[in-house]
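Structure record follows, encoded as structure tokens.
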Amino acid sequence: MTHTHVDWPLDQTFASSSGAVRWAALGPEDADPVVLVHGTPFSSYVWRGVARALARDHRVHVWDLPGYGASEMRAGQDVSLAAQGRVLTELLAHWGLDGERRPAVVAHDFGGCVALRAHLLHGARYARLALVDPVALAPWGSPAYRLLGAHAEVFAQLPPALHEALVREYVGSASHRGLHPAVLDRLVAPWCTEAGRPAFYRQIEQNDQRFTDEIQGRYGEVEPPVLVCWGTEDTWIPVARGHELAALLPRAELRLIEGAGHLVQEDAPAELTGEVGRFLSAGLSGAH
């Protein structure tokens with residue numbers, strides 16, 4: 001499979017504690033900072049539309065988590081949610097967003113757990129936090145996800161063509177409306193290289209519920225205002241979890257996005273961008 005990164009260039013590299021991270025920044029350098037965090041098994045590419053829209057009025061930081069997309073993938077790499085929470089904290093320091101200049105953070109899927117761990121366990125401070133269909137409450141992990149994680153060493157032996165078919169089916173199931181073929185190709189491609197095939201199973205094998213169990217009892221301590229967005233047709237994490245999560249967070253509002261599956265960025269990009277933009281602009285009036 002051929003693909004290029006020309007359409008979504010991550011032109012910067014940061015040496016994190018879990019390997020080289022590829023990242024980019026869009027928008028005016030002096031504008032209010034926003035950090036976008038992707039989930040699994042995706043990359044920052046899913047944020048491309050939202051990022052470009054927000055970059056009109058914000059300094060938007062995008063990055064591929066270690067073990068994902070254009071970032072480093074290698075044997076023995078720690079790509080657990082614990083590691084990703086540390087790496088986000090390291091990146092915020094690298095970007096100068098660990099002091100008075102607090103960023104707004106927008107996080108999808110297990111990026112939600114990454115952002116919450118960075119805040120609750122590593123002292124990362126945010127102006128505002130938007131969580132989009134996040135992995136945050138137990139139990140989580142679809143039957144397919146748990147099967148892949150429990151037998152990673154078996155699935156990693158699949159011939160490349162069968163592996164690609166499995167990944168395509170899995171990634172495609174995140175959308176309710178169906179992914180454009182070119183978008184599906186782009187999301188699947190990083191997992192179909194020699195380094196990417198084992199990396200796909202490695203990240204699933206390393207992630208389990210203990211990483212949310214460690215913080216779930218502390219959601220009442222989350223400081224910034226929170227927007228919880230949820231696709232009403234999410235088959236990966238049911239929308240009922242959105243109601244549960246919003247009730248646990250002190251300053252949360254819940255917005256449901258009709259007709260969108262788990263990958264809201266692809267199913268309803270305009271609606272999601274509108275909700276996130278509204279939420280971020282509310283903070284500019286001094287609400288934080």
Across region 161-198, which residue is surrounded by the fewest Cβ atoms within 10 Å (Cβ to Cβ) among those that are outside any loop (DSSP other than H, G, I, E, B), touching a residue at least 12 places away in the same chain (Cβ under 8 Å) and among the small types (Gly, Ala, Ser)? 172
When you check residue 220 against the structure, is it in contact (Cβ under 8 Å) with a residue 24 or more places away in the chain, in a loop (DSSP other than H, G, I, E, B) and small (Gly, Ala, Ser), yes or no? no
Among the residues of region 120-164 satisfying the criterion of being small (Gly, Ala, Ser) and more than 23 Å from the chain's Cα centre (by Cα), which is farthest from residue 110 (Cα to Cα)? 161
Kindly provide the set of residues from region 91-125 that are part of a helix (DSSP H, G or I) and surrounded by fewer than 20 Cβ atoms within 10 Å (Cβ to Cβ), ordered by number. 93, 94, 120, 121, 122
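Scan 4, 13 and give me the residue that is at pLDDT below 95 and of a type in the set (Ser, Thr, Tyr).
4
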Going by the conditions given, is residue 158 out of contact with any strand residue (DSSP E or B) (no Cβ under 8 Å at 6 or more places or on another chain), surrounded by fewer than 16 Cβ atoms within 10 Å (Cβ to Cβ) and at pLDDT 90 or above? yes
Residues being among the small types (Gly, Ala, Ser) and over 19 Å from residue 184 (Cβ atoms): count how many of those fall in region 143-164. 4
Among what's in region 45-65 and is of a type outside the set (A, V, I, L, M, F, W, C) and surrounded by fewer than 22 Cβ atoms within 10 Å (Cβ to Cβ), pick the residue that is nearest to the chain's Cα centre (by Cα). 48
Restricted to region 199-224, and to residues that are more than 25 Å from residue 18 (Cβ to Cβ) and over 19 Å from the mean Cα position of the chain (by Cα), which residue is surrounded by the fewest Cβ atoms within 10 Å (Cβ to Cβ)? 220
Does residue 129 satisfy the condition of being assigned to a strand (DSSP E or B) and either among the hydrophobic types (A, V, I, L, M, F, W, C) or modelled with pLDDT of 95 or more (or both)? yes
(1) touching a His at 6+ places or on another chain (Cβ under 8 Å); (2) surrounded by fewer than 19 Cβ atoms within 10 Å (Cβ to Cβ): which one isn't true of residue 30, the others all being true? (1)
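The values are calculated or read from the model by the stated rules, or taken from the named source; none is laboratory data. Nothing here was measured: the structure is a model prediction, and the numbers come from that model. Counting neighbours? That spans all protein chains shown, and the Cβs are built from the backbone with ideal geometry, glycine included.
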